[in-house]
Amino acid sequence: MLELEHLSRRYGDRLALDDVSLTVRAGERVGLLGPNGAGKSTLLRIAAGVQPPDSGVVRIAGEDLGAAPIEAKRKLGYAAEEPAFYENLSADEYLAFVSGIRGLDPEASRRRALALAESLGLADRLNEPVRGFSHGMRKKLSFLAAVLHQPPVLLCDEALEGFDAGAALAAKQLLRDMSHDGAAILFSSHVTESIERLCDRVVLLWRGRVARTLERAAWGGPDHGPTPLERELLALLTEN
Amino acid sequence: MVSSSLPSAAFRRLEVAWLRRAAARLEPALWVELIAIALLASAFLFWQAHVRLASFAHDRGPAAASLGLAVYLTLIALAGGAQAGARHWARLRERDGAPPWRALPIPDPLLSAHLVRLSSLQASWLVVPAAALLIAAAGVLPAPWLAALGAGFLAAGFLLTRFACALALSAAAWRSEGAEARLHGALARALSSASRGRTSRRLRAASWRRMRAWVALWRNDARLAWRVPEIRRRLFLATAAMALSWLAWRLPGAENAAHIVAFATSLFAAATVAEWLIAVIGADPADVLRHLPIGLGAAWGARIMWALLASGALLAGHALAAHSLPPPVLRFFLTWIALSSLAITTLGVNYGVSLYPRTQQAQRLLTLSLGLSMAASLMIPLMGWIVLLTAVLHSLRRVARWRSAEER
């Protein structure tokens, strides 16, 4: 479970986050929706331990991120909006590095990485240096590294933007499976469609504050499979 | 119609903002330290130069002393030119293909002048030793001569940095292919062909192993040492410097001074290893390290392991090269080398970690600290050790700043 309590963050004169509190329960997919500059990425970067808050507490599966960062980060996966990598490593080497840092079973995590890469359409490029990757491929690799260890808490910052339709569908299904297995997922986007179809609850951020929280019943969108266009594309991909 | 003065004014504003930003990235305490080190180094230079110039002027007259001073100032200006040229080359080659801002309607001469100014700024720190030399000559040489030498230094510095940048541009543009060469100017060719050689190639499959975090980082460093050109260059330099220090024992006709040369070159080798380590640490992408469960101990420990390995290699090479020395002398010499090399490389690691991700500042602080240690040693025997160990301990206290690196 992910608990964010009274998080505030200021960049110079601008208050990016203003006393934000929210909880994502185990097995829940919570969407973070807001316009550009609403504070979504700041909130997720703070929750991921990439940058500290000015005040407030982050708890990852019961671990205080400020007090026990290593333990907390072991239980966390983070797919960044603008992912950074060791550019001169291959995707395979980067994933092996992440697996090593997280102390995962090498053989099991290698198999999982290959399976995930296959489903995201990245398998053919695993042995190429990351620096040659397109934006979409970088996002896929970041997502893959974030879910490699099947974390109990997953943070996705505009994670699926840049994915092709087939990979996006596979990633959404994976997110559903993970939450079904008990993962708490916080998923930010400024594209309402992704959140409508994926999340159980939506937190609307506005100028660094939680403006509103909506349950799925409020927008009534069913959590169903691909759209007609996505179905056409999937059919094409399957044929070829 | 848009006036051509508008973009140049915009560039000036950009450069001022860039300078402000660069200054703000260094916290006040570090500024104080840098200024203190610069003042101490200047005081040393002043102390060394003043007596020599006075004695030279007394023996051979002020004209000869002025000529000597002019030679030193020219050497400093040449060093500035070399640094600016190297930076300009790196600036032109550091991107993959043409940068997106080439789409802006900026005339090439303006853009070129802007990039040259940025590269030349790197050499501006050399004004400090030049000023120290000029101040040292005050009272020894007539004031108008000093003013002329100062103006001459500034003019030479300006011309040499521009000349070196022009050479760097020509060299960068020269690499571009035929059709492009005919169609575009040098700047367009240099920028559009930058790093074109780094096309994607398939690498060997990674070995997936269970390992501790510091080992994973250490293995990563080993890979990047070969793959990142900047780090590879520094590694070659460090290896060459180590080999040079071993070869010092075989210097023809300098048997009596071999141990001094070997020690001096081993200090230089340790410094190049320290610079390599700073570059290695600086290559860590902050956002990757921040969200992964990597602690300060792992980040520091992986690099200290490199420092230990490099010091060990340096030591082993000297043990082999100087095996003909009497055992007590050899032991003394090796202890001296081991301690100095370990201190210098540890200092590099500490600066790299504590100032991460500001690699350039870390390199600069290392140069200044080692320069000050050398100066202190020349002034008072063994004083350099005190300065060096103080720097190591002081920097060790600051390594915890690595955790707040994202704030910079």
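For the reader, a short list of remarks on this structure follows.
- Qualifying residue in the range A:26-34 (condition: over 25 Å from residue A:160 (Cβ atoms), in contact (Cβ under 8 Å) with a residue 24 or more places away in the chain and either under 16 Å from the mean Cα position of the chain (by Cα) or more than 14 Å from every other protein chain (Cβ to nearest Cβ) (or both)): no
- Top-ranked residue in the range A:107-122 [being crowded, with 16+ Cβ neighbours inside 10 Å and farther than 12 Å from residue A:164 by Cα; ranked as farthest from the other protein chains (Cβ to nearest Cβ)]: A:116
- Taking the range A:97-108 as the range and being of a type in the set (A, V, I, L, M, F, W, C), in contact with a Leu (Cβ under 9 Å, 6 or more places away or on another chain) and either assigned to a helix (DSSP H, G or I) or free of Cβ contacts under 8 Å to residues at least 12 places away in the same chain (or both) as the test, the residues that pass are A:97, A:98, A:101.
- The range B:229-275 - residue that is within 18 Å of the chain's Cα centre (by Cα) and among the acidic types (Asp, Glu) and, of those, surrounded by the most Cβ atoms within 10 Å (Cβ to Cβ): B:275
- Qualifying residue in the range B:309-328 (condition: surrounded by fewer than 20 Cβ atoms within 10 Å (Cβ to Cβ), assigned to a helix (DSSP H, G or I) and among the hydroxyl-bearing types (Ser, Thr, Tyr)): no
- Of all residues in the range A:146-164, those satisfying the criterion of being closer than 21 Å to residue A:190 by Cα and in a loop (DSSP other than H, G, I, E, B) are A:158, A:159, A:160, A:161, A:162, A:163, A:164.
- Residue B:358 vs. criteria within 30 Å of residue A:66 (Cα to Cα), within 14 Å of chain A (Cβ to nearest Cβ) and of a type outside the set (Ser, Thr, Tyr): no
- Matching option when the condition is at pLDDT below 95 and within 12 Å of the chain's Cα centre (by Cα), among A:158, A:107, A:128: A:158
- Test: residue in the range B:99-106 that is loosely packed, with under 14 Cβ neighbours inside 10 Å, in contact with a helix residue (DSSP H, G or I) (Cβ under 8 Å, 6 or more places away or on another chain) and under 30 Å from residue A:88 (Cα atoms): yes
- Qualifying residue in the range B:298-306 (condition: more than 15 Å from residue B:356 (Cα to Cα), outside any loop (DSSP other than H, G, I, E, B), more than 14 Å from chain A (Cβ to nearest Cβ) and not β-branched (Val, Ile, Thr)): yes
- Number of the exception - residue A:62 against (1) closer than 25 Å to residue B:202 by Cβ; (2) more than 7 Å from chain B (Cβ to nearest Cβ): (1)
- Criterion violated by residue A:42 - all others in (1) of a type outside the set (Asp, Glu); (2) crowded, with 19+ Cβ neighbours inside 10 Å; (3) assigned to a helix (DSSP H, G or I); (4) within 11 Å of another protein chain (Cβ to nearest Cβ) satisfied: (4)
- Qualifying residue in the range A:45-53 (condition: more than 7 Å from chain B (Cβ to nearest Cβ) and either under 22 Å from residue A:193 (Cα atoms) or within 13 Å of the chain's Cα centre (by Cα) (or both)): yes
- Condition broken by residue A:79, with the remaining ones in (1) in contact (Cβ under 8 Å) with a residue 40 or more places away in the chain; (2) away from every other protein chain (no Cβ under 14 Å); (3) not polar (S, T, N, Q) satisfied: (2)
The values are calculated or read from the model by the stated rules, or taken from the named source; none is laboratory data. None of these values were measured; they are calculated from a predicted model. In this analysis, Cβ positions are derived from the backbone assuming ideal geometry, glycine residues included, and neighbour counts consider all displayed protein chains.
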